[in-house]
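This report refers to the structure that appears directly beneath it.
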Amino acid sequence: MDLRHLETFVKIAELKSFTKTAEELFLTQPTVSKQIVDLERYFGVRLIDRTKRAVTLTKAGEILLRYAKDFLSLKRETVDAIAAFKGLQKGDITVGASNIPGVYILPGLLNIFKQQYSGIRIRLIIADSKAIIQNMEEGEIDVGFVGAKDESKKIEYKKFLDDTIVMIAPPSFPDTIHIKHLKDYPLIIREHGSGTRNHFESSLKRLKGDVLPGLQVVAELTDTEAIKEAVKNGMGISYISKMAIVHELANNNLKCLNIEGLPNIVRSFYIVTKKGKTIAPPIKALLDIIDKWRRHEKS
C-alpha cells in the first residue's frame, strides 16, 4: 500500500471531488481515479461511491478514513523527527487556534519561531475552540490554542494564559449599567462553539434570576473584528476579550462597560495536544518560545 494513495483518498473525502483533488495535488484525474481503484483492490472492498452529483464514502471508506488520518499524521511526525535530527532545517507544522490567541497573540510568536527556524513551514488555522479540539482529535493539527475545554479523553490541556471578558459599547454609552437592565440593550453574540460565548453565558447562568433568556440578541457574528466594527457603528453592545480591544480603548473608539451585579469574567486559554502522541521537535521548539514569552510577560 502506497501512502500517497492514502493522501489522495483523504483529500477526496475532504473535498468530495475527484477533479478538485487532482488540481490540489497536481495530479491528473485518471491518476487520482487509478489510485482509488488500487486502494479498493488492496482492501478488496469498495471505498467510494461516485455519481454525477456526489462523491461519498462507503461504510468501509469511513473506517479507512479514520485510520488513514492517523497513518498520515504519523508520517508527518516521522518526517519532522528526522528533520529535527538534521537540525530543524526543514519540515511543516500545523497550528490551530481559537480567535483571540490566533489573531492577537500567536502571529508575533510564530514570527519569532520563523526567524529561528526558517526552514519550517507554518500553517495557522483559526476556528472556534470546539472545531480546534475536533481537528486535534482527528490529527489534522499538531498543536492547538483554545479558550474552552471539552470532555474529550483524547486531548491534553495545559494552561497558556488568563484573559478577561468585558462588555463593550460605543464611547457615547454610560459607563455603568445594572445587570437587570442588560436586556434593554441590543446585544451582539458570538457563535455556538465559541469559548468567549460559553464563558459569558455560564457567568449569566450562575446569577440569581438568570437573565440569559431575556437578552435582546440582534446578531450572531463569528469574527472578533466584525463584532468590534458592529459595536462602533451602533448595532449594539457585545462581550469580547480585553486583549482584542487594546488599540480601541487607547484611541477612545470603544469603552468597557461596568456591569453592576456581574462579577469579572476571567477565563483561561489552553495549549492542547493529543494524548499519547509524541510531541515533534518543531512543536517542542515552538512551545519553548511560547514558554519564554509567558515567563517574560509575568515578570
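Values quoted throughout were computed directly from the atomic coordinates according to the rules given, and no laboratory measurement underlies them. Quick caveat, the model's predicted, so the values are computed rather than measured. Counting neighbours? That spans all protein chains shown, and the Cβs are built from the backbone with ideal geometry, glycine included.
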Per-residue HN-Hα couplings for the stretch 135-147 [Karplus 6.51, -1.76, 1.60; θ = phi - 60°; Hz; x = Gly/Pro] = 4, 5, 4, 8, x, 8, 10, 8, 8, x, 9, 10, x
Which value in nm describes the separation of the simple spin-label points at residue 16 and residue 284, placed 7 Å from the Cα toward the beta carbon?
-> 4.1
Contour minus Cα-Cα span, residue 82 to residue 246, at 0.36 nm per residue, comes to 54.9 nm
Take the alpha carbon atoms of the stretch 257-299, find their center, do the same for the stretch 199-231, and report the distance between the two centers in whole angstrom.
-> 24
On full extension of the chain, what length is gained from residue 295 through residue 29, given 0.36 nm per residue of separation minus the C-alpha to C-alpha distance?
-> 90.6 nm
The answer for residue 91, listing residues at least 5 apart or on another chain whose modeled amide H is closer than 5 Å to its amide H, is 121
For the stretch 56-162, restrict the atom set to alpha-carbon positions and state the Rg and Dmax in Å.
-> 15.4, 46
For the chain, the charge dipole (Cβ of Lys, Arg +1; Cβ of Asp, Glu -1; about the Cα centre) points to a positive end, and the Cα of 198, 215, 44 closest to that extreme belongs to 44
Across 130/242; 114/149; 75/274; 158/298; 16/114, pairs whose alpha-carbon gap is larger than 24 Å = 114/149; 16/114
Full extension between residue 3 and residue 153 adds, at 0.36 nm per residue less the Cα distance, a length in nm of 51.2 nm
Determine the relative contact order of the chain: mean sequence separation of Cα pairs under 8 Å and six or more apart, normalised by residue count, in whole percent.
-> 21
For the chain, what does -39500 (n - 2.57) per DSSP helix run (n ≥ 4), summed and divided by total residues, give at 222 nm, in deg cm²/dmol to the nearest 500?
-> -13000 deg cm²/dmol
Among beta bridges assigned by DSSP with both residues in the chain, the antiparallel ones amount in percent, to the nearest 5, to 55
With +1 at each Lys and Arg Cβ and -1 at each Asp and Glu Cβ, the charge dipole magnitude of the stretch 1-69 around its Cα centre, to the nearest 20 debye, comes out at 240
Wrap a convex hull around the Cα atoms of the chain, take a quarter of its surface area, and give that in square nanometres.
-> 19.6
What is the magnitude of the charge dipole of the stretch 39-133 about its Cα centre, with +1 placed on the Cβ of each Lys and Arg, -1 on the Cβ of each Asp and Glu, and no other charges, expressed in debye to the nearest 20?
-> 360
With r as the distance between the Cβ atoms of residue 45 and residue 275 and R0 = 30 Å, compute the FRET efficiency 1/(1 + (r/R0)^6) and round to 0.05.
-> 0.45
